[in-house]
Amino acid sequence: ITAKRTKEIKYGCDGTLLSEATHESNLTSILSSCGGNMVFTGGVFRLSPAVFQNSSLALTDDDLIGPIELSTKIQRKERFNGVKGKFISPENNWQEADFPTFTQSSFVTEDGQQIFRDMPMPMTISAMQAQRIAKTLLFQSRNEIQCQVLVNLKGLRLIPNDRVTITSTRLGFSSQLFRVV
């Protein structure tokens, strides 16, 4: 018998939604399976999973037409350096089970203590998939630079969850990648 290694899908939305649950609760369950978020823009709901996306637009100093607000640290109450949570385990007769916790030691050192965030994943049936999503969300949470800018009409091409690069001598950025919110 030869065993072959198979590839696990990155995201899978495996579960049951209840009609008596609220739309918000059901959407939160679905979004937990891909670490994503959803926005409503232009009359359409747009889901954006937690994956790397290339920039859809590049902005320079010539495109910035107003003041620039920069914040470089997230608040302490929103900061975490480890992730734990529950997923639905086929090995546990389709009951909730804990997925392996993930902690980033460099973040723990930076924060001075271990801070866990609980991330339930009711639509995920693989412990490794749940841990991978949790790790991605942890690293995304540590992207602490937020920039609020006014741009010329070129910015009308952007919608929430698009990625944009900003090159600015005023800010010292060279193709710095940001997510539009």
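State the number of lysine pairs found in the chain whose Cα atoms come within less than 18 Å, restricting to pairs 8 or more positions apart or on distinct chains.
4
May I ask for the longest run of the chain untouched by trypsin sites (Lys or Arg not before Pro) that are loop-located per DSSP and have at most 12 neighbouring C-beta atoms (other than their own) within 10 Å?
Result, exposed sites excluded: 74-169.
So how strong a dipole does the chain carry about its Cα centre when Lys and Arg Cβ are +1 and Asp and Glu Cβ are -1, to the nearest 20 debye?
Details: 20 positive and 17 negative charges, 86 e Å.
It works out to roughly 420 debye.
Select from the range 73-181 those GluC sites (Glu not before Pro) which occupy a DSSP coil region and have at most 15 other Cβ atoms within 10 Å, ordered by residue number.
Working: sites: E78, E91, E96, E110, E144; in loops: E144.
Answer in residue order: E144.
What net charge do the residues around I159 carry, taking every other residue with its C-beta under 13 Å from that of I159, with Lys and Arg at +1 and Asp and Glu at -1?
Details: positive: R46, R157, R163, R179; negative: D162.
Once all neighbours under 13 Å are counted, the net charge is +3.
Which FRET efficiency, nearest 0.05, do T109 and S71 yield, Cβ-Cβ r, R0 30 Å?
The value I calculate is 0.85.
Mind listing the phi-derived Karplus ³J(HN,Hα) values for the range 135-148, rounded to whole Hz, using 6.51, -1.76 and 1.60 with θ = phi - 60°, and x for any glycine or proline?
5, 4, 5, 4, 5, 5, 5, 8, 7, 8, 7, 10, 10, 10
Just one of (1) 28, 21, 14; (2) 40, 17, 14; (3) 34, 21, 16 is semi-axes √(5λ) of the Cα gyration tensor in Å calculated from these coordinates, so which is it?
Only one listed value fits the structure, namely (3).
Relative contact order for the range 27-181: what percent, with Cα pairs under 8 Å and sequence separation of 6 or more?
31 percent
Tell me the angle of helix 23-32 to the major Cα principal axis of the chain, expressed in degrees between 0 and 90 and rounded to the nearest ten.
The answer is roughly 90 degrees.
Grab the other residues whose beta carbon is less than 15 angstrom from that of N26, score K and R as +1, D and E as -1, and report the net.
So the surrounding residues net to -3.
Express the carbon and sulfur contribution to the solvent-accessible surface of the chain as a percent, rounded to the nearest whole number, probe 1.4 angstrom.
Taking all protein chains in place, the chain shows 53 percent carbon and sulfur surface.
With charges only on Cβ, +1 for K and R and -1 for D and E, what is the dipole size of the range 67-118 about its Cα centre, in debye, rounded to 20?
About 180 debye.
The values are calculated or read from the model by the stated rules, or taken from the named source; none is laboratory data. What you see is a predicted model; the values in this text were computed from it and never measured. Cβ coordinates were reconstructed from backbone atoms using ideal geometry, including for glycine residues, and neighbour counts include every protein chain displayed. Side chains included, ligands, DNA and RNA excluded: accessible areas come from the protein's heavy atoms. Shrake-Rupley method; radii C 1.70, N 1.55, O 1.52, S 1.80 Å.
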